[in-house]
Amino acid sequence: MNEIETWLRCVAIRNIKYQHRLHLIEVIQQQTEISNNLLQHLKLTERQISQYYAFPAEEIARAKLWITGKDQHFIHYRHPCYPESLKQCVAPPLYLFATGNIGLLGKLQLAIVGSRNCTFYGKYWAEIFASEIARHNIVVTSGLAVGIDAVAHRAALSRTGETIAVLGSGLGHIYPPENIRLYEQIITEGGLVVSEFPLGVPPKGVHFPRRNRIISGLSVGTLVVEASQRSGSLITARYALEQNRNVYALPGSLHSPSSAGCHWLIQQGGLLVREAADIIEDLHLAHPSVLYPPLKSINFAESDKVPLPFAHLLANVGDEVTSVDVVAERAGQPVPETVVALLELELAGWIAAVPGGYVRLRRASHVRRSNVLV
């Protein structure tokens, strides 16, 4: 039988043990004709036999046609490009549809995940971490979701182009639709998009936890940038722990619900990270391909040698959005003067204007000063 048809039909059979399924596939692939007697001999129930035949013929035809396209691949469990890191997981996907640079599957990967409704703080640090990780010969893997996932993919593309997106739908249904342009950019700029679902499968809520186990399974570790206490990112972190992979968490404000999940991970033993070098140093001994020592960070600017402007104002702009009126009141000076000073701080890169006020950009080059709250 055709290889793709065998895998698609056999994976569609429910309630069958993993090794039994692999054996079933191996036997069927050697046959020139499939009969009910053969399937019964292979210990399938009548219901399972019906499930085998019920897989849509049009979906099989679509897959056969799809893999004839440029850089479009069907990677099954026995395929030479199937990643060993996934085989080490419990119940890995038996096949992946992949489009783009499949060579990335054999490279060291780090998952970067976080909230869809991320804050400016989360976006800022996700971009910095993903950029630095990509510079150190590590592929950035995420889920193509809006928010932190999209920021991580774009940051990796801006550096090396080496990023992998794992979907919770078939590659014929790119989700979310607002990231279709990003999906295309990943493919054209040297990245990879994969899915364990047949091409025509639409996104469903139950698919995304399954997708998360692939994100963590492909990666040597998972960095959670921002996550609420009920975030799907914590599911990815849990899978990483179950797969004996490292979990890293970025701390945030104690008042921010968006960082509550990260703080919980740190309490549970996740590694608190302040900069990408923390991750690089943690990985390089076990993975020689990681560039080490860490390259000079884009965060390590020469700003330590530059006098800090308006330190008394900067001390009053926190990680949460702070309005101009609040800054002026705390600093004890008129609003017009405060606006001018804040603009200069923004142009110097110390703070950023966001809806409702300003937030602090806590660079790694900041040093503790007597008159500045760091």
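A compact table of results
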{"quantity": "Of the criteria (1) assigned to a loop (DSSP other than H, G, I, E, B); (2) loosely packed, with under 15 Cβ neighbours inside 10 Å; (3) in contact with a Lys or Arg (Cβ under 8 Å, 6 or more places away or on another chain), which one H20 fails", "calculated": "(1)"}
{"quantity": "Unmet requirement for E184, which otherwise passes all of (1) at pLDDT 95 or above; (2) of a type in the set (D, E); (3) more than 27 Å from E58 (Cα to Cα)", "calculated": "(3)"}
{"quantity": "Single residue of I351, I298, I280 found to be modelled with pLDDT of 85 or more, surrounded by 12 or more Cβ atoms within 10 Å (Cβ to Cβ) and closer than 21 Å to P251 by Cα", "calculated": "I280"}
{"quantity": "Odd one out for V206 among (1) more than 16 Å from the chain's Cα centre (by Cα); (2) within 18 Å of A126 (Cβ to Cβ)", "calculated": "(2)"}
{"quantity": "Residue tally, condition in contact with a Ser or Thr (Cβ under 7 Å, 6 or more places away or on another chain) and touching a residue at least 12 places away in the same chain (Cβ under 8 Å), over the stretch 321-335", "calculated": "3"}
{"quantity": "Residues (farther than 22 Å from K70 by Cβ and surrounded by 20 or more Cβ atoms within 10 Å (Cβ to Cβ)) located in the stretch 157-174", "calculated": "G168"}
{"quantity": "Sole exception among (1) at pLDDT 80 or above; (2) surrounded by 14 or more Cβ atoms within 10 Å (Cβ to Cβ); (3) of a type outside the set (D, E, K, R) for V340, by number", "calculated": "(2)"}
{"quantity": "Selection within the stretch 140-156 - open to solvent by less than 10 Å² (accessible area, probe 1.4 Å), within 10 Å of the chain's Cα centre (by Cα) and of a type outside the set (D, E)", "calculated": "V140, T141, S142, G143, L144, A145, I148, A150, A152, H153"}
{"quantity": "Set S253, S228, S259: member being small (G, A, S), under 20 Å from A152 (Cα atoms) and open to solvent by 10 Å² or more (accessible area, probe 1.4 Å)", "calculated": "S228"}
{"quantity": "Search result, residues across the stretch 268-277 that are open to solvent by less than 20 Å² (accessible area, probe 1.4 Å) and assigned to a loop (DSSP other than H, G, I, E, B)", "calculated": "G270, V273"}
{"quantity": "Pairs with Cβ under 7 Å, 6+ apart, first in the stretch 187-210 and touching a residue at least 40 places away in the same chain (Cβ under 8 Å), second assigned to a loop (DSSP other than H, G, I, E, B) and of a type in the set (S, T, Y)", "calculated": "S195/S169; F197/S169"}
{"quantity": "Exclusive hit being modelled with pLDDT of 95 or more, farther than 29 Å from D149 by Cα, open to solvent by 60 Å² or more (accessible area, probe 1.4 Å) and not in a helix (DSSP H, G or I), set T68, T32", "calculated": "T68"}
{"quantity": "Where a residue in the stretch 150-178 is on the phi > 0 side of the Ramachandran plot and its partner, wherever it lies, is outside any helix (DSSP H, G or I), with Cβ under 8 Å and at least six apart", "calculated": "G161/E189; G161/G190; G161/G191"}
{"quantity": "Condition check for E127: among the charged types (D, E, K, R) and open to solvent by less than 10 Å² (accessible area, probe 1.4 Å)", "calculated": "no"}
{"quantity": "Residues that are closer than 13 Å to I13 by Cβ and either among the hydroxyl-bearing types (S, T, Y) or surrounded by fewer than 15 Cβ atoms within 10 Å (Cβ to Cβ) (or both), drawn from the stretch 43-65", "calculated": "K43, T45, E46, R47, S50, Y52, Y53, A54"}
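The values are calculated or read from the model by the stated rules, or taken from the named source; none is laboratory data. None of the values given here were measured: they were computed from a predicted structure. Heads up, the Cβs are rebuilt from the backbone with ideal geometry, glycines too, and the neighbour counts pull from every protein chain shown. Just the protein is used for accessible areas: all its heavy atoms, side chains included, with ligands, DNA and RNA removed. Shrake-Rupley method; radii C 1.70, N 1.55, O 1.52, S 1.80 Å.
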